[in-house]
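In what follows, a structure is listed as structure tokens, so that the remarks can point back to it.
Just so it is clear, none of the values below were taken in a lab; they were calculated from the coordinates. Keep in mind the model is a prediction, meaning the values are calculated, not measured. Reconstructed Cβ throughout: ideal geometry from the backbone, glycine too, with neighbour counts over all protein chains shown.
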């Protein structure tokens, strides 16, 4: 009982660490799922605590799983688009997606130089060259 | 089914079905969106007048009462937020239609359905009175908003990714809090939770839940220092999307936060929490303002301004902690409404300026940015409301907050509101100084420019009209505010 | 929220005021905005041809003039839908201000139509002009702080558009200084009003109650807000820059009408404390006023350019108004005469200063044979400001001296006022000399409407002065000084000026004009650039994912710690 609640807390902490310290986007997505699972585990613990087992948390967990599947799908799609963009920007070795990816990738690299500088791309606040997509990945990873 | 319940069902169901049909019938997407936005606005106005005349509307879906079923509750503040959503819905729809123009719209299918889903999610968020369904609505809003940000691809994908991570971590923290609350009290309805918390305010579980829910919503409302995702997402999205995100989506998260602290958690709101909440709100209000002052690009200035303004609205919490909950809630909701109208108008005006120039609007010395006349006027009017000049809605809201702070003796929040007002004046002035009105050049961009300027003008006029409908608005906010 | 007035007052007032007075006041409030909509919606100038513009700008303030002269005291317009409900109406205090505002804006509007109508951006200029006019009229007619502040803010920020109209470097810098100070003033006023409302509810915002009930902090905040507008010494730096940079017509209304809003607000809040305010405070404010009068005159003489000299003269004259306000505040025995004189001073100075600015503008055209007449005519308002007999300045200076003699500080105040009169005379001579010395344009005669506006401004003080005694009966108590007593400080000032000119003619450097440094300090810009770079760098650090993680955990921990029972 308490053990499971503690497990939920530990899972949440691990997930939180993974989201902010993870280097790869897929790792972050998995960490997010771990966090959600921690919340579900807590709900199951809550359900188990009532004497005839409480059905409401189960309904919540089911709804939560549906929501979680949707968010994971969106996350994976986003990560996939991003990976394709970066592959396109890195040069002619664009992966599946070919010419379109390469085109969009160039846009992304330019955009990131601006997007991540947040409007200071005029160079005053910047030392050295604008960051590339690779650099952005490093910043994400830390 | 009463008229109030029918209107409440309409604001949620119409955009939801509209979203589905816009996806399945991409050619009719624009027409469906216009129809849904118009119906949404009319239903929201009807709902507001019903709440104003007869008090809060309550409904139990499927006839199941609160402990089991999903309760809906629309009181004055939520009716005002729905009305804001309706107004922005029409304006953003019109602006997007004009931005795309008559030509082919490859993103149209996705855009219109996502946009209507976003409206449905927001409606659900303002309508439900049940902690778990607030989570579902938050997720619906978040996914639609992330997808809208990501839609232009390219650089926007990075912004969308950061937004996604932030909003999902926020949702999960919120869900964790709800699980703890349910474990402690076996209830999800906000008023039932409120009664339980009031019975035993010292319960550690309630306090843990409050901390978790607050942190999650602070992340979603982009209150500094948890604002990392907002500037890129709002600054890079197309103008109508930025308008909706800044005016509605972040405001909705802050609204939920206010609802929790002034409702179920009002017995936990003491001086100690007030200090922490004041610290984060102050960080947002001042840091957002300073960053807005440092930006060059018009849309980035506006994005950071959103952080600053929401920080000011969040200052309602320390004011409420000092004892003036009613004035604080009224001021904060008025501020969210006035900010929504003004900020959306500013983003649309910035979009019009960019459309006229054919390039992102970027400050280049005094008068260096050529602004079409209508966009210039809209920018000036909306900026006046954002700064809080009388007789605009922004003035009324800030005045109520200041009055509450002075009555409660909360001098630090009062000083912070004034400092943020001065900062707002400074960065908006810097943007305004950078513009010079110019006759729009006839050409391809002229139609788009006009199509973006006119909704911007209408929204800015709405922000001013708030000052002339103030007594009605305040009477509306009195209807069942505070504890839900 | 109830309106700040008891419900039974409004119908009674309507009955007492009669329909015509109410209609006049309503027209005075609405007409500027109707014209504003005409210019903004009519878009981009095809409806902003000179006759249309002249008609609109000259007629928009006309109902305000009529309301000042004819609307009875009881006539009130109830605008219940405006914020928390507002009442507008003309009262004895506001009437001279309303007359000054109406006449100055109307005649300067004619001038603006003559000088701006040919240039690009005339529709924009007209829009800002009418918005500022609308705010100015509303603030004079307002009977409570919220409506006053609304008009004050609209006027202040619309005037920014007038100042930067030329869009030159100097105008930009002037606009920045103006806006920074005005923003400070607005924030101070907002805080003061919120304090009043927090203590007594929005009913306490009515001027009668606010003047009696405002706390010390609120009063200090009001003083700061009004002081900035009035250009009190120390808060005046916006005034000379803005006047020098703005188009002539805008300078005329800025000096002639808008600056007076500070005096009106101060008069409404500080004009009638139940028992006189603290004597030390009154003495300090009077001393500050005298210091401003002398300093303004000195700077006006030193700093070059006719418009700059005229602007510094406004600083100087507003110092005298501050002295009057201080006397009214702290000395109950002198209050009636001091506050009536302050209002009249505003009227007299507004029209004379507008005439001076307009004259300076006209003398820059090619005038041919009319030049001599124009040169002579511009001396009239200059003499009026110096307080020469048979001008409105005579009444104003007589009232000033009478109030000073009644005040407890007569011992030093009366001699100081003589010194101020001499300083004003020197400054006026200097300003007229500068205007005369302006090189004549090679070609381009002024449009006829400019002459019309200027002649109107020259004649207006006499008409207004006669009318003012009817609309503000307290003025009748002022006993005019003898011609000799009024003349000798002017003569002395003239002698001083002549001596200085003689000194300069023999190689002295005392009157070398110095050009105002128009450029912002470059050091400030470097500092700004560095601060900006640091802020952007810090923001980038805040956007790194691990940093966000720590911040999120810290927020969570802080909340949990604060919440822990």
Estimated distance in nm for a label pair at residue C:302 and residue C:526, the labels positioned 7 Å out from Cα along Cα-to-Cβ: 2.6
field: Square roots of five times the Cα gyration tensor eigenvalues for the stretch C:49-124, Å
entry: 29, 16, 9
query: Where both partners of a DSSP beta bridge lie in the protein assembly as shown, what percent of those bridges are antiparallel, to the nearest 5?
result: 70
For C:148-155, mean number of other protein chain Cβ atoms within 10 Å: 4
Percent of Cα-Cα distances greater than 47 Å, calculated over the protein assembly as shown: 36
query: Using the alpha-carbon atoms, what tilt in degrees (0 to 90, nearest 10) does helix B:29-54 show relative to the longest principal axis of chain B?
result: 40
- prompt: If the stretch B:267-370 were replaced by its equivalent ellipsoid, with semi-axes equal to the square roots of 5 times the Cα gyration tensor eigenvalues, what would those be, largest first, whole Å?
  reply: 34, 15, 8
message: Counting just the Cα atoms, what span does chain B cover along each of its three principal axes? Round to the nearest Å and put the largest first.
response: 67, 51, 42
query: If you take all C-alpha pairs in the stretch C:16-162, what percent of them are over 27 Å apart?
result: 19
query: If you count, for every residue in B:400-407, the Cβ atoms of partner chains within 10 Å of its Cβ, what is the mean?
result: 5
Ordering of B:304-314, B:288-298, B:268-278 by burial proxy (mean other Cβ atoms within 10 Å per residue, highest first): B:304-314, B:288-298, B:268-278
- line: Percent antiparallel among DSSP beta bridges confined to chain B, nearest 5, equals 65
- line: At 20 °C and 1.002 mPa s, the Stokes-Einstein diffusion coefficient in µm²/s for the stretch C:131-261, with hydrodynamic radius from the Kirkwood sum on alpha carbon pairs, is 143
field: Contact order normalised by residue count of chain C, Cα under 8 Å, 6+ apart, percent
entry: 14
task: For peptide B:160-170, compute the average count of partner chain beta-carbon atoms within 10 Å of each residue's beta-carbon.
output: 6
- request: Could you list the square roots of 5 times each eigenvalue of the Cα gyration tensor of the stretch B:346-466, that is, the equivalent ellipsoid semi-axes, sorted largest first and rounded to whole Å?
  value: 32, 15, 9
- request: Would you please put C:207-216, C:352-361 in order of how densely packed they are, using the mean number of other Cβ atoms within 10 angstrom per residue and starting with the highest?
  value: C:352-361, C:207-216
message: To test your reading of the geometry: what angle, between 0 and 90 degrees and rounded to tens, separates the Cα axis of helix B:3-24 from the longest principal axis of chain B?
response: 50
- line: Per-residue Cβ contact counts at 10 Å, fewest first, order C:140, B:141 as B:141, C:140
Size of the stretch B:62-215 as Cα extents on the principal axes (Å, biggest first): 61, 34, 24
- line: P(r) of chain C over all Cα-Cα pairs, 20 Å bins starting at 0, rounded to whole percent, reads 21, 53, 21, 4, 0
query: Relative to the longest principal Cα axis of chain B, at what angle does helix B:76-100 sit, 0 to 90 degrees, rounded to 10?
result: 20
Whole-angstrom Cα spans of the stretch B:124-246 along principal axes, big to small: 52, 28, 18
statement: Highest mean packing first, using Cβ neighbours within 10 angstrom, the peptides C:557-565, B:46-54, B:198-206 sort as B:46-54, C:557-565, B:198-206
query: In nm, to one decimal, how far is the residue C:281 label point from the residue B:34 one, both placed 7 Å along Cα→Cβ?
result: 6.2
task: Treat the count of other C-beta atoms within 10 Å as a stand-in for reagent exposure and order C:325, C:181, C:195 from fewest to most.
output: C:181, C:195, C:325
statement: On the formula 1/(1 + (r/R0)^6), with r taken between the Cβ atoms of residue C:561 and residue C:537 and R0 of 51 Å, the FRET efficiency rounded to 0.05 is 0.95
